[in-house]
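Novice: After the structure tokens below, expect a handful of questions from me.
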Amino acid sequence: MTFTLVALFIVVVAFTAIAIGAFGWAAKTGQFHGLEAGARSIFDTDEPIGRPTDHFPERGRKSKASV
Amino acid sequence: MTSPSSSSSPKGPKAALADALDRAAIDASCRLPVLLFFGSAIAWLLVGSVFALLAAIKLTTPEFLADHAWLTFGRVRPAHLNAVAYGWSSTAAIGVAIWLMARLCRVPLRHARILVAAAVLWNLGVAIGVTAILAGASNAIEWLEFPTYAAFILFVSYAFIAVWAVLMFRERRPGHVYVSQWYIFGAFFWFPWLYSVVNSMLVFWPVQGSVQAIINWWFGHNVLGLWFTPIALASTYYMIPKILGKPIHSYYLSILGFWSLALFYSWNGGHHLLGGPIPAWLQSASIVASVMMLIPVITTAINFHMTMRGSFALLRTSPALRFTVFGAMCYTVVSAQGSSMALRSLNKLTHFTHYTIGHAHLGMYAFFTMTMFGAMYYITPRLVRWEWPSAFLIKAHFWLASTGILLMVVSLTLGGLIQGIELENPKVPFLTIVAHTIPWLHARSWSGALLTTGHLAFALSFVLILLRTGKQREGPTLFTKERSFP
């Protein structure tokens, strides 16, 4: 029982430390700044904002032509 | 944007081609491990569906296959839970997370061998675990029925995946860490914590008495909230903006949603034990945390709705979007329902009734599984470089899955409420209450048949796309229309 408690205590401290560390790292590296740029980070020049990227197979050619 | 050539001509066709090739290289690098996880996930989905049907039929026809020890309700039901939770859901989630990691790190996937080994071990662990449950070697702890040797294999496999995720993150291209990556890292970080703590405290050195129940539900609920939910949200936060070609409405809200989920969710488990022999403060704390979950849920709901606003017409054209948005809407519904069920007054009525089973399926199927289907519809063609061969099969899958799950949730919710109200009334004999649930259980079996048919359509689609059957079409997003291959 004592062993379990000690092991758990170590786990709790380690995981809490990692979580706080992750939050600190995020703040330090500017992850909470320039949030709108963050939202745009999944787009590129080939798949830019404004172009949908998925469709039903049978409509492939039609939507391709209309883009 | 990320390649050197694009900085000189940000909008030019050359930059677009470079970006398209970068993306194609990333997708190609994910092919083997992700398809391995997807394929085995779908196989487990079919296995889990068969166990689900067996268990559902046994509730209305108890003598059905009851003379085979391996197929008795007490074994088939946990076999269903574990086959769909660890075989289908976790495997699909890992596959989706791997692909998202590579896309969001903006580098081709490395160390694929670690992932292939992890996939083989994971499937081995699930296969051994499910067989052991059927053979009667279950731990008899809900959500943790796999015996120690199977759990150990899963844990080793999981360690491989976690190590890979850290290696991959270190090798990413510089730039912003998108919100989906936060969710994936959260999930990858929480699951080993949950799984190791619960195994050490319930299996290796078991604690005694009602503390067992507390630990059991701390784990059972957190598997949903800190493992499946973050990966489904990671997928939604990528898929909706990416498919619409529209950044997320408020990135600020998405970050707030992540950190508030991290803060509140792990307190929720105690609401499974309301009225039970555990400290009252623990129950109250978990009720408060359950209601506080409205913060991350509302932020997410606002964000998805506002991003979708004006683009709902695309639900007609994009299979991935249709499944994902269905899942996202059900996330709001199931979470609001979950918060209300944690209140003592409603819990008194719904606890130990089919209402809870309806809620569980609304979460794990209507939200989580539909989101995974959506992600797989988006990802697979980009890995195989082949478009889905049949729109009919996708439509059949969607309508069977959505009507099936709605039928299940509605019948179990109504049946459960009637059951709960009658259980509160001492004048109604217990067997009358049981008899009153039977029509609703029949409806549940039928809903299971619809879902299973949908799964067969999906599995067939998946086999056909792997075999590259049908006409060759251009992948919708692999390359731009103005592409010209070197």
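Novice: With charges only on Cβ, +1 for K and R and -1 for D and E, what is the dipole size of the protein assembly as shown about its Cα centre, in debye, rounded to 20?
Specialist: Numbers: 38 positive and 19 negative charges, 327 e Å.
Its charge dipole is roughly 1560 debye.
Novice: Quick one: how many lysine pairs in the stretch B:233-479 have C-alpha atoms under 30 angstrom apart, if they're 8 or more apart or on different chains?
Specialist: 5
Novice: What share of all Cα pairs of the stretch B:233-479, in percent, falls into each consecutive 10 Å distance bin?
Specialist: 7, 26, 29, 23, 11, 3, 0
Novice: Return the calculated 222 nm mean residue ellipticity for chain B, to the nearest 500 deg cm²/dmol, obtained by summing -39500 (n - 2.57) across DSSP H runs with n ≥ 4 and dividing by the residue count.
Specialist: Computed ellipticity for chain B at 222 nm equals -24000 deg cm²/dmol.
Novice: Sorting B:Glu422, B:Glu145 on the 10 Å Cβ count, fewest up front, what's the list?
Specialist: On the way: B:Glu422 18, B:Glu145 24.
The most exposed by this proxy come first: B:Glu422, B:Glu145.
Novice: For peptide A:28-35, compute the average count of partner chain beta-carbon atoms within 10 Å of each residue's beta-carbon.
Specialist: That average works out to 3.
Novice: Once you put a point 7 Å from the Cα of B:Ala135 and another 7 Å from the Cα of B:Phe155, both along the Cβ direction, what distance in nm separates them?
Specialist: Using points 7 Å along Cα→Cβ, the separation is 2.0 nm.
Novice: Calculate the all-directions average of the projected area of the stretch B:26-175's alpha-carbon convex hull, and give it in nm².
Specialist: 9.1 nm²
Novice: Same structure again: Would you mind getting me the FRET efficiency between B:Leu349 and B:Ser284? Use the beta-carbon distance for r and R0 = 22 Å, nearest 0.05. Don't skip to the answer; put the middle values down first.
Specialist: Working: r = 19 Å, r/R0 = 0.86.
Efficiency, rounded to the nearest 0.05: 0.70.
Novice: Give me the inter-chain shielding for B:239-246: mean count of other chain Cβ atoms within 10 Å, whole number please.
Specialist: Details: counts 2, 0, 5, 6, 4, 6, 9, 6.
Taking the mean over all residues of the peptide, I get 5.
Novice: Setting aside same-chain residues fewer than 8 positions from B:Lys14, which aspartates and glutamates have a Cα under 17 Å from its Cα?
Specialist: The reachable aspartates and glutamates, counting only those whose Cα sits under 17 Å from B:Lys14, are A:Asp44, A:Asp46, A:Glu47, B:Asp22, B:Glu482.
Novice: Given chain B, what whole percent of its Cα pairs are spread farther than 33 Å?
Specialist: Percentage above 33 Å: 37.
Novice: Using only Cα atoms and rounding to the nearest 10 degrees, what angle (0 to 90) does helix B:112-135 make with the longest principal axis of chain B?
Specialist: Here the helix axis deviates by roughly 20 degrees.
Novice: Could you please tell me the mean projected area of the C-alpha convex hull for the protein assembly as shown, averaged over all directions and given in square nanometres to one decimal?
Specialist: 25.3 nm²
Novice: Additional query: Using only the alpha carbon atoms of the stretch B:295-440, find the Kirkwood hydrodynamic radius as the inverse mean reciprocal pair distance, in angstroms to one decimal. Before the final figure, lay out the partial values.
Specialist: Details: mean 1/r = 0.0582 Å⁻¹.
Kirkwood hydrodynamic radius for the stretch B:295-440: 17.2 Å.
A short reminder: the numbers here are calculations on the coordinates, not readings from a lab. Quick caveat, the model's predicted, so the values are computed rather than measured. Glycine gets a Cβ as well: all are built from the backbone with ideal geometry, and neighbour counts include every protein chain shown.
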